[in-house]
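One structure is given below, encoded as structure tokens.
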Amino acid sequence: MRRYFIGGSDAGIIMGTDEAALFRLWREKRGEAEPEDLSANLVVQLGVVTEALNRRWFERNTGQVVTAVQRRVSLSDRRVASALAKAQSELINPEKSLIATIRSPFPRESDRTFRYASLSTGLDIVRKTLGKHEIATVQTTAIDMDAGLIRLTTVLAHSSGEWVSSDWPAS
């Protein structure tokens, strides 16, 4: 998953003078080389553990609020990424078996009818497909008193212990 964004570990390489490291990073982002395993890197581990603290410090000292959706992955993400890719290739659109009619309030306009799938049908397809690839979904909420928001966290957890998560404000 690191392939799809520029992280803090990448910034030093991009701004540095090590051409070999820059070329390796370029190849990683293009999917031509396996990313370096940073799970044993102490600086990376400290960054992961202190991310919330660093964000609060930044917000207090700059007056800027970090509001973007926060996407996180486990330090190693190869297995979960592979499983998600396989699951995604198997997902199908749910059958639109229900019919709804919207009645027009205007005499000259006709009613509009459309077909749709129930949310539960779509969720069943997603759960079965993810489960087949040993991916579980977990959702939790937390109250962010400073921002006055409820935050919804969704985690896609793989049986290998790897995971991907995102936080969304749900005000």
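The values are calculated or read from the model by the stated rules, or taken from the named source; none is laboratory data. What you are looking at is a predicted structure, and each value in this text was computed from that prediction instead of being measured. Virtual Cβ from ideal backbone geometry, glycine too; neighbours counted across all protein chains shown. These accessible areas exclude ligands, DNA and RNA; they are computed on the full protein's heavy atoms, side chains included. Shrake-Rupley method; radii C 1.70, N 1.55, O 1.52, S 1.80 Å.
Some points to look at:
- Candidate set: segment 27-57, residues that are open to solvent by 90 Å² or more (accessible area, probe 1.4 Å) and either of a type in the set (Lys, Arg) or assigned to a helix (DSSP H, G or I) (or both); chosen: the one modelled with the lowest pLDDT: Val43
- Residue under evaluation Arg72, criteria (1) over 16 Å from the mean Cα position of the chain (by Cα); (2) open to solvent by less than 90 Å² (accessible area, probe 1.4 Å); (3) modelled with pLDDT under 75, criterion not met: (1)
- Checked against (1) over 23 Å from Val164 (Cα atoms); (2) part of a helix (DSSP H, G or I), Glu95 passes all but a single condition, namely (2).
- The number of residues in segment 105-134 that are in contact with a Leu (Cβ under 6 Å, 6 or more places away or on another chain), loosely packed, with under 13 Cβ neighbours inside 10 Å and not in a strand (DSSP E or B) comes to 0.
- In segment 139-167, the residues that are under 21 Å from Val65 (Cβ atoms) form Cβ pairs under 8 Å with partners that are of a type in the set (Gly, Ala, Ser) and open to solvent by 50 Å² or more (accessible area, probe 1.4 Å), at six or more places apart or across chains, as follows: Gly148/Ser171; Leu149/Ser171; Ile150/Ala142; Ile150/Ser171; Arg151/Ala142; Thr153/Ala142.
- Among all residues of segment 154-166, there is none that is modelled with pLDDT under 90, exposed (fewer than 10 other Cβ atoms within 10 Å of the Cβ) and either within 26 Å of Asp37 (Cβ to Cβ) or not aromatic (Phe, Trp, Tyr) (or both).
- Of residues in segment 135-152 being assigned to a strand (DSSP E or B) and within 19 Å of Glu59 (Cβ to Cβ), the one nearest to the chain's Cα centre (by Cα): Arg151
- Segment 88-104, subset charged (D, E, K, R) and open to solvent by 90 Å² or more (accessible area, probe 1.4 Å), residue farthest from the chain's Cα centre (by Cα): Arg103
- Some residue of segment 135-151 being of a type outside the set (A, V, I, L, M, F, W, C), farther than 30 Å from Gly47 by Cβ and surrounded by 15 or more Cβ atoms within 10 Å (Cβ to Cβ): no
- Identity of the residue in segment 8-26, surrounded by fewer than 14 Cβ atoms within 10 Å (Cβ to Cβ) and among the acidic types (Asp, Glu), that ends up modelled with the lowest pLDDT: Asp18
- Test: Ala170 is in contact with a strand residue (DSSP E or B) (Cβ under 9 Å, 6 or more places away or on another chain), modelled with pLDDT of 90 or more, aliphatic (A, V, I, L, M) and open to solvent by less than 60 Å² (accessible area, probe 1.4 Å): no
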